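FYI, it's all coordinate maths here, none of it is from the lab. All figures in this text were calculated on a predicted structure; none of them were measured in a lab. Methodologically, a virtual Cβ is constructed for each residue, glycine included, from the backbone with ideal geometry; neighbour enumeration extends over all protein chains shown.
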Amino acid sequence: MSASEEKEQNKAPQVPQVYAARTDVGCVREHNEDSFIAATPLFVVADGMGGHEAGEVASEIAIKTMLENAPATPNGDALVSAVKAANYAIIAGANEGIGRPGMGTTMTAAQIFDDQLFIVQVGDSRAYLLHEGTLQQVTRDHSLMADLIEQGRITEEEARYHPQRSVITRALGSDITVEPDLYVLRVTPGDRLLLCSDGLSGMVENATIAAILRENEDPQNCCDALIHEALAAGGMDNVTCVVVDPLKEPPRQKKKQGSWLKRHMAPIIFALAFVLIIAAAAGGFYAYAQSSYFVAEEDGYVCIYRGLPGDFAGIKVNWLEQQTDIPTNKLVASVASRLEKGVGVSSLQEAQSLIADYRSQISGGALEDDATGTDDASGSSAADSADSSASNAKSGN
Ligand code: MN
């Protein structure tokens with residue numbers, strides 16, 4: 001055996017991922033005595049009988065035993081053994097006083113591993129395979145009607161209304177030596193398996209069942225439609241369907257088209273993060289502006305501002321802190337021109353010491369400027385004087 005073959009053999013077989021099931025009490029019966037399993041790779045329909053709820057007990061014992069005993073690997077004989085164990089459990093239960101003596105159940109059990117399909121059959125529940133659009137009945141009913149049809153004594157249509165139509169010739173719960181039938185098949189992509197109780201097959205024609213299996217892609221829709229059809233036809237019995245698409249890949253989780261919030265979570269988080277970052281930046285900038293000061297000219301006088309000169313994206317981030325009585329036109333021209341834009345300082349104290357400095361400049365007046373002793377300074381002084389007179393003229397107005 002090559003390494004790849006060995007690997008292939010050790011690989012767990014694929015089991016169906018796409019399937020659905022549904023059961024309904026029908027329109028006439030008081031109890032639903034059908035039970036089913038849809039737990040891949042095991043699919044079962046069991047139609048209990050015995051009256052006074054005993055049928056429910058029998059089919060439930062059968063289901064429980066199958067869940068405990070069905071093989072975990074492809075093995076038809078082991079599946080037959082599990083069904084025999086279910087038969088034994090029902091008989092043993094009745095002997096112990098569980099349910100009622102004579103209670104029983106049908107059993108149609110299927111297991112699918114890769115393309116291998118095993119079906120074990122006792123009674124008149126059925127397995128059908130839809131293959132390339134054609135419905136094939138896989139199992140043979142263990143019933144009086146099936147025998148009569150095979151002997152050519154009645155037609156299928158006559159069997160549908162025959163007074164003994166529910167007489168079955170083999171069931172679990174009565175005969176310790178019961179021999180289940182085993183069917184081993186290969187399925188191909190596109191095949192669809194249907195297990196059902198006679199509440200479906202006895203009420204709905206095969207052509208209608210086939211059409212529903214073909215037309216409903218989703219197995220759950222398929223089960224719903226089959227049950228609907230059985231009820232519409234009278235629902236004379238409990239009705240159970242299990243639909244399996246053996247080799248079909250499950251649809252990519254369409255993210256469940258969940259809530260609006262779920263679908264938009266990513267962009268919402270992104271937008272929130274963006275807003276938070278902008279808010280944090282704006283908050284930081286605002287705090288920075290709050291702790292900053294500058295000195296600038298306003299209406300001809302030196303003022304202290306908290307904040308930052310100018311504006312940011314059209315928003316002013318400064319507040320008048322203090323207006324002084326120092327006219328800018330009394331200051332040296334270069335200082336006055338700097339004050340038009342604003343002179344940044346690190347604190348309110350620094351702003352006030354600058355104001356004190358300006359005040360000493362104007363009180364010292366020309367003296368200080370003259371003291372520099374340069375032509376430039378004189379020129380500047382002259383200019384200051386000119387400004388000063390202009391200012392005076394203005395204020396005279
Ligand atoms: Mn039934």
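Below are the figures for this structure:
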| read-out | value |
| --- | --- |
| For T105, T23, order by how many other beta-carbon atoms lie within 10 Å, fewest first | T23, T105 |
| Ordering of 27-33, 60-66 by burial proxy (mean other Cβ atoms within 10 Å per residue, highest first) | 60-66, 27-33 |
| Value at 222 nm in deg cm²/dmol, rounded to 500, when DSSP H runs of n ≥ 4 in the chain each add -39,500 (n - 2.57) | -13000 deg cm²/dmol |
| Reciprocal mean inverse distance between Cα atoms of region 81-127 - Kirkwood radius, Å | 12.1 Å |
| Neighbour-count order for S291, S201, S125, fewest beta carbons within 10 angstrom listed first | S291, S201, S125 |
| Additional length obtainable on full extension of the chain from H131 to S363, 0.36 nm per residue less Cα span | 72.5 nm |
| Total charge dipole magnitude, the chain, about the Cα centre, Cβ charges on Lys, Arg, Asp, Glu only, Debye to nearest 20 | 160 debye |
| Normalised per residue, the volume of the convex hull around the Cα set of region 239-368 (Å³) | 174 Å³ |
| Taking all pairs of distinct alpha-carbon atoms in region 101-246, Kirkwood radius in angstrom | 15.8 Å |
| Spin-label zone in region 43-87 - amide nitrogen under 19 Å from a point set 7 Å from the Cα of V28 along the C-beta vector | 47-56 |
| Sparse-neighbourhood loop sites, GluC sites (Glu not before Pro) in region 197-243 - DSSP loop, at most 15 other Cβ within 10 angstrom | E205, E217 |
| Rel. contact order, % - alpha carbon contacts under 8 angstrom, at least six apart, region 86-131 | 26 percent |
| Modelled FRET efficiency - R0 22 Å, S353 with Q290, Cβ distances, 0.05 increments | 0.60 |
| Ratio Rg/Rh, restricted to the chain and using Cα atoms, in which Rh is the Kirkwood radius | 1.64 |
| Over the chain, relative contact order from alpha-carbon pairs under 8 Å, at least 6 apart, % | 15 percent |
| Qualifying trypsin sites (Lys or Arg not before Pro) for region 117-171 [loop in DSSP, other Cβ within 10 Å: at most 11] | R153 |
| Region 172-297, relative contact order in percent, only Cα pairs under 8 angstrom and at least six apart counted | 29 percent |
| Packing-based exposure ordering (other Cβ within 10 Å, fewest first) of V120, V57 | V57, V120 |
